[in-house]
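The structure appears right after this line, and notes come after that.
The values are calculated or read from the model by the stated rules, or taken from the named source; none is laboratory data. This structure is a prediction, so every number in the text was calculated from the model and none was measured. All Cβ positions, glycine included, derive from the backbone under ideal geometry; neighbour counts span all protein chains shown. In case anyone asks, the SASA skips ligands and DNA or RNA and just uses the protein heavy atoms, side chains included. Shrake-Rupley method; radii C 1.70, N 1.55, O 1.52, S 1.80 Å.
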Amino acid sequence: MTIVARVILSGPQTTVQDAGRGGMRHLGVPLSGAADQISLALSNAALGNPWDAPALECTLGGLVLEFTEQTEFALGGAEMTAALNDTPLSLYDPISVSAGDRLKLGQARVGMRCYIAIAGGIAGSDFLGSVSTHLPARLGGVDGRALSAGDHIIAGSLQIGQTVDVPTYLRTTMSHDWFLRTLPGPEYENFSDEARRCLFSQNFSADRRGDRMGIRLSGKTIEPPDLPPMKSSAVFPGTIQCPPDGAPFLLLSDAQTLGGYPRIAQLIDADLPLAGQIRPGDRVWFLETTTEAARQITMQRMAYIDATLPGFKFA
Amino acid sequence: MSNTNDFEFMRFGERGWLATCMRDFDDVTSGLFVNAIADAVRPKNGITDAIAGIDSIAIRFDNTQLDANDALKLLKDATKKTAAPNDTQPPDKTIEIPVLYGGDAGPDLESVCAQTKLTTDQLINKHASPPYRVITVGFAPGFAYMGPLDKALQIPRLATPRARVAAGSVAIAGGFTGVYALPSPGGWNIIGRTPVPLFDAARPSPFLFKPGTAVQFRPIDETEFQELSKQTP
């Protein structure tokens with residue numbers, strides 16, 4: 001067990017995340033994992049780590065680490081100022097460090113989540129095959145909680161392969177304006193024409209109340225369909241639910257497994273990583289597409305991704 | 001054997017299908033039926049998730065391995081091959097859940113009594129007497145939807161959900177009773193609390209409840225609650 005770094009400042013919320021615990025929703029266990037899986041994967045690829053190696057996910061920046069061993073790390077995700085002992089760093093570059101070196105992340109300027117990948121990955125408590133931290137159930141990571149000052153980062157022992165020169169076109173494009181493509185959700189037909197127009201003809205504002213479970217969106221409210229109360233049924237990351245208050249709720253990686261609110265739409269796979277970078281106050285537009293078009297987009301996207309991230313799958 | 005006409009099938013995202021049961025089953029029968037279907041389809045090649053709700057099954061498939069139509073066929077086959085449970089025979093084993101009703105443990109007990117026009121004793125008796133079955137699990141790790149709930153106890157969810165419900169909270173809403181395994185936000189009416197840990201990631205079997213588990217609530221007093229809490233670290 002090698003301690004590779006020590007947390008000096010944790011920022012607002014820093015957790016250990018990998019690709020999540022897929023296939024466990026029937027047990028009530030959410031996916032968790034990096035909210036922006038592309039940024040996680042590319043940060044890892046820059047070091048030659050497997051794309052789904054556990055890394056640190058730091059919300060809005062503010063993390064300060066002191067390395068205690070010689071290693072390499074790479075940054076990805078949200079646009080931020082970052083420095084190693086006051087030398088500015090760029091994203092997706094492998095950086096060699098020795099004991100005593102300090103990594104300091106400034107505030108994220110655009111985007112919500114930064115990723116810090118470390119060569120060989122990061123060790124954490126495993127639950128159902130993943131070390132992703134799920135705060136509500138205290139699973140994974142460091143005792144299932146967010147990092148705090150004084151915590152130790154334990155190096156993982158994953159096989160390191162070829163490092164990858166991370167192409168710009170694969171990166172999650174950071175913005176304060178997010179255009180997200182959707183498919184109709186199971187209750188889409190139950191909403192009135194007016195309610196559907198309302199979802200697709202305005203820009204919503206991401207609420208302050210937003211965490212890894214989901215983002216509440218404010219705007220002109222969406223009238224819920226005139227249905228008897230729904231029986232709880234499956235929801236996923238990327239599902240857009242419409243609660244009775246009319247403010248749509250976009251679910252993210254920690255999404256609960258069952259929900260009782262009408263599901264008006266579902267994000268296409270390729271746009272889910274974008275949703276993980278929406279920060280409070282950002283503007284969000286939803287666009288309608290078709291299953292066939294979504295399939296084409298995903299296939300084309302995967303063709304580009306495959307060369308850089310072999311084995312990558314959308315969560 | 002059931003008939004595919006008993007289900008409505010819908011596409012749910014790029015990699016998903018949803019089957020909703022259109023038969024007029026009670027929630028226990030319906031929940032056990034959809035769980036049996038989900039169990040039948042989950043192990044199939046290319047199926048990555050099969051999640052049972054109360055009256056629905058959602059599947060997700062790996063679209064690099066499986067065509068959407070082939071995935072739908074697997075789901076339809078599972079609905080055809082699974083018999084609707086016509087006799088929900090309880091299993092041999094019943095899990096007893098001790099519950100401290102009312103007070104700080106059950107902050108909504110008084111309001112539930114007012115809405116149902118029952119005295120505290122009547123309410124506790126009606127809630128703790130009948131055996132329940134776990135209809136489905138989900139929402140959060142360890143949360144179980146149980147039923148059937150006595151008609152006299154069926155009231156809507158809270159108008160405004162609580163930001164935080166304590167772990168072990170025993171609650172009712174609509175035709176269900178349930179126990180919050182973890183501290184979480186929640187909109188159900190909380191009538192009591194159990195000291196028994198329902199979910200513990202460190203246990204060899206982390207989950208206490210599975211769909212179909214038989215459950216009996218047992219009213220306890222504050223002293224017993226404290227004693228039982230000490231036994232469970």
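Things worth noting here:
- The base-10 log of I(q)/I(0) for region B:129-233, evaluated at q = 0.19, 0.23 Å⁻¹, reads -1.02, -1.43 [Debye formula, identical scatterers on Cα atoms, solvent excluded].
- Only protein heavy atoms count here, probed at 1.4 Å, and on that basis chains B and A bury about 3200 Å² of accessible area in total.
- Proximity of backbone amide H atoms, modeled 1.01 Å from N, is registered between B:T213 and B:V134 at under 5 Å, excluding neighbours fewer than 5 places apart on the same chain.
- Centre separation in Å (Cα based) which lies between region A:280-315 and region A:200-266: 21
- When the surface is traced with a 1.4 Å probe over the full set of protein chains, B:V137 keeps roughly 10 Å² accessible.
- Axis angle, to the nearest 10 degrees, between helix B:222-231 and the longest C-alpha principal axis of chain B: 50 degrees.
- Sites A:R102 and A:E79 - FRET efficiency at Förster radius 30 Å, r taken between beta-carbons, to 0.05: 0.90
- Contact residues in region A:16-62 (at least 50 Å² less accessible area with all protein chains than alone, 1.4 Å probe): A:H26, A:L27.
- Most positive-pole-ward Cα, A:P280, A:Y261, A:P184, against dipole of region A:177-308 from beta carbon charges: A:P280
- Only the Cβ atoms of Lys and Arg (+1) and of Asp and Glu (-1) were treated as charged; on that basis the dipole of the protein assembly as shown about its Cα centre amounts to roughly 240 debye.
- Label point distance in nm, B:N45-A:T290, each placed 7 Å from Cα along Cα→Cβ: 3.1
- Rounded, prolate or oblate (a/c below 1.5 giving rounded, otherwise prolate when a/b exceeds b/c) for the protein assembly as shown by Cα gyration tensor: prolate
- Surface composition of the protein assembly as shown: carbon plus sulfur atoms contribute 51% of the solvent-accessible area (1.4 Å probe, protein chains only, all chains present).
- Residues of region A:277-306 that lose at least 40 Å² of accessible area (1.4 Å probe, protein heavy atoms only) when the other protein chains are present, relative to their chain alone, are A:T291, A:R295.
- Cα-Cα P(r), region A:177-308, percent of pairs per 5 Å interval: 2, 11, 21, 24, 20, 13, 5, 2, 1, 0
- Most to least accessible of A:H152, A:H134 (protein chains only, probe 1.4 Å): A:H152, A:H134
- Equivalent ellipsoid, region A:112-190 (semi-axes from 5 times Cα gyration tensor eigenvalues, Å): 30, 22, 14
- Amide hydrogen neighbours beyond the local backbone of A:A5, cut-off 5 Å, H modeled: A:T68, A:I153
- Shown here are the Rg and Dmax of the Cα trace of region A:104-257, at 19.5, 56 Å.
- Surrounding net charge for A:T289, when Lys and Arg each add one and Asp and Glu each subtract one, Cβ distance under 12 Å: -3
- Computed FRET value (nearest 0.05) for B:L158 with B:D77, which takes r as the C-beta separation and R₀ as 25 Å: 0.05
- Extent of chain A along its three principal axes (Cα atoms, max minus min coordinate, largest first): 62, 36, 32 Å.
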